[in-house]
Structures are given as C-alpha cells and as structure tokens.
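Only the coordinates and a few stated rules stand behind these numbers; no lab work does. Computed from a prediction, not measured in an experiment: that's the story for all the values here. With ideal geometry, Cβ positions are generated from the backbone for all residues, glycine too; neighbour counts draw on all protein chains shown.
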Amino acid sequence: MSAGTDWVERYVTAWETNDPDDIGALFADHAVYEFRPDDPEALRGREAIIDGWLEAKDEPGDWTFEWAILTEQPGLVVVEGRTDYPAEKLYDNLWVIRLDADGRATRFTEWYMARKR
C-alpha cells in the first residue's frame with residue numbers, strides 16, 4: 001500500500017470516528033490545514049486541526065466519500081474525490097497533501113466545489 005493510500009484511508013477513518021487520536025495521527029505537530037489555497041483561516045498545528053475538525057465535524061452516516069489518487073510522489077499526494085451529503089449537497093474535491101517521512105501531513109490543502117445533482 002502506498003503512503004498516499006494509507007493516509008487517505010486513515011483520513012476517512014478519522015472522518016467516520018471523529019476520534020481526536022485518529023485525527024491527530026494524520027498530522028505533524030506543525031501541520032497546516034487549508035480549506036482553500038492560501039487560506040487566511042487555515043488551521044495551524046496539530047491541536048488546532050483537531051479542535052477545528054471536531055468543531056465542524058460531520059456525523060457518521062451523513063456522508064459518503066469516493067476517491068482516487070491522481071498522482072503520488074515522495075512527500076506529495078494529490079487526491080480527487082466526491083463527497084455526497086444526501087440531505088444537503090454533493091461536492092467535487094481536490095486535495096493536495098504534503099507528507100513527512102513518517103507519513104503525517106505537514107500541509108493539507110483542499111479545493112471543493114458544490115455540484116448539481
């Protein structure tokens with residue numbers, strides 16, 4: 001299994017569990033989580049990421065996520081996804097993930113766009 005596949009699978013698990021340990025295991029101490037490129041409201045540091053995640057958490061069963069790795073190089077993973085919130089909206093996603101040598105994200109940047117059903 002590639003480092004990118006492992007990371008995304010663990011991300012989906014954390015999304016399902018909302019467990020702080022699962023979330024924290026994804027990110028390096030100094031990680032940055034951007035909701036869009038150059039995000040002035042980015043979450044900075046593992047604890048801020050955990051807190052921000054839990055503040056805006058999705059409940060298990062309220063969504064589905066399909067994904068594929070578009071490219072993977074050492075330290076870089078690009079993921080295309082589709083998140084479906086059946087009661088709300090459907091989103092196309094693009095994630096750029098920078099990984100350290102331990103497989104933790106140092107920077108996570110996402111792009112998302114609402115899609116018509």
Net charge, ILE97 excluded, C-beta distance under 13 Å - Lys, Arg +1, Asp, Glu -1: -3
The range 98-110 - phi-based ³J(HN,Hα) in whole Hz, Karplus 6.51/-1.76/1.60, Gly and Pro as x: 9, 10, 8, 5, 8, x, 9, 6, 9, 8, 10, 10, 10
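Is the range 47-100 best put as rounded, prolate or oblate by its Cα gyration tensor, with a ≥ b ≥ c the root eigenvalues, rounded for a/c under 1.5, and otherwise prolate when a/b is larger than b/c, oblate when not?
Oblate, since a/c reaches 1.5 and b/c is not below a/b.
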Residue-wise HN-Hα coupling along the range 20-31, computed from phi with Karplus coefficients 6.51, -1.76, 1.60 (Hz; x: Gly, Pro): x, 5, 5, 5, x, 5, 7, 10, 5, 3, 9, 4
For the chain, with +1 on Lys and Arg beta carbons and -1 on Asp and Glu, the positive-most of ALA3, TRP67, THR13 along the dipole: TRP67
Point-to-point label distance, ASP6-GLU41, nm (Cα→Cβ direction, 7 Å offset): 3.4
Placed amide H near LEU70: partners under 5 Å, 5+ positions off or other chain: VAL78, VAL79, GLU80
Percent RCO, i.e. relative contact order, over the chain, from Cα pairs under 8 Å lying at least 6 residues apart: 25
Gyration tensor (alpha-carbon) shape descriptor, the range 3-115, a/c threshold 1.5: rounded
